[in-house]
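Trainee: Please see the structure below; I have some questions.
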Amino acid sequence: MASASRRMNWGDNVMRQSSFPLRLASSLQKEARKTAEREGVSLNQLMNLAGAEKISALRTEEFFRERREHVNLAKARKLLKRVGNEPPRDGDELA
């Protein structure tokens with residue numbers, strides 16, 4: 001299925017947009033429409049934001065998974081056991 005594409009310009013910034021039909025379960029579409037209306041945005045804007053948030057969460061998870069492969073646990077534990085000489089700052093006290 002072909003998708004339509006267009007360019008949107010904001011000064012020096014160019015954003016390409018494409019469109020394609022998205023099939024959603026009726027219940028999900030209904031809730032998405034309610035949420036978009038309650039938030040004062042279009043359904044399209046809500047779905048773009050939801051997609052961007054999901055992609056961001058997945059990339060963040062991937063980033064930390066990759067970082068975990070290079071961690072030195074012994075060094076990290078040693079660092080965490082260090083005792084500072086300063087009292088806790090306001091709001092950092094243990095309850």
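Each value in this text was obtained by applying a stated rule to the coordinates, not by laboratory testing. This structure is a prediction, so every number in the text was calculated from the model and none was measured. As a convention, Cβ positions derive from the backbone with ideal geometry for all residues, glycine included, and neighbour counts pool all protein chains shown.
Trainee: If we sort 80-91, 40-51, 61-72 on the protection proxy, mean other Cβ atoms within 10 Å, highest first, what's the order? Display every interim value, and only then the final one.
Mentor: Working: 80-91: 6.2, 40-51: 12.8, 61-72: 8.7.
In decreasing order of mean packing, 80-91, 40-51, 61-72 become 40-51, 61-72, 80-91.
Trainee: Now for a separate question. Kindly state, to the nearest 0.05, the FRET efficiency for L80 paired with T60, given R0 = 25 Å and r defined as their beta-carbon distance. Don't jump to the answer; show the numbers that get you there.
Mentor: On the way: r = 22 Å, r/R0 = 0.90.
FRET efficiency, L80 to T60: 0.65.
Trainee: Simple spin-label model, 7 Å along Cα-to-Cβ: L73 to D92 in nm?
Mentor: Here the answer is 2.7 nm between the modelled labels.
Trainee: Still on this structure: Name the residue farthest towards the positive end of the dipole of the stretch 23-81 from the options L58, Q29, Q45, assuming +1 on Cβ of Lys and Arg, -1 on Cβ of Asp and Glu, about the Cα centre.
Mentor: Farthest towards the positive pole: L58.
Trainee: From the square roots a ≥ b ≥ c of the eigenvalues of the alpha-carbon gyration tensor of the stretch 53-95, which class results: rounded (a/c under 1.5), prolate (a/b over b/c), or oblate? Present the calculation step by step, with values, prior to reporting the outcome.
Mentor: Details: a/c = 4.92, a/b = 1.59, b/c = 3.08.
The shape class here is oblate.
Trainee: On a full-extension model of 0.36 nm per residue, what is the gain between R38 and S19, subtracting their alpha-carbon distance, rounded to one decimal in nm?
Mentor: On the way: separation 19, 0.36 × 19 = 6.84 nm, distance 2.42 nm.
Going from the current span to full extension adds 4.4 nm.
Trainee: Considering every pair of different Cα atoms, what Kirkwood radius, in Å, is found for the stretch 23-81?
Mentor: So the Kirkwood estimate lands at 14.5 Å.
Trainee: Taking θ as phi - 60°, what are the ³J(HN,Hα) couplings along the stretch 43-53 by the Karplus curve (6.51, -1.76, 1.60), each to the nearest whole Hz, with x for Gly and Pro?
Mentor: 4, 4, 5, 4, 5, 4, 5, 4, x, 5, 5
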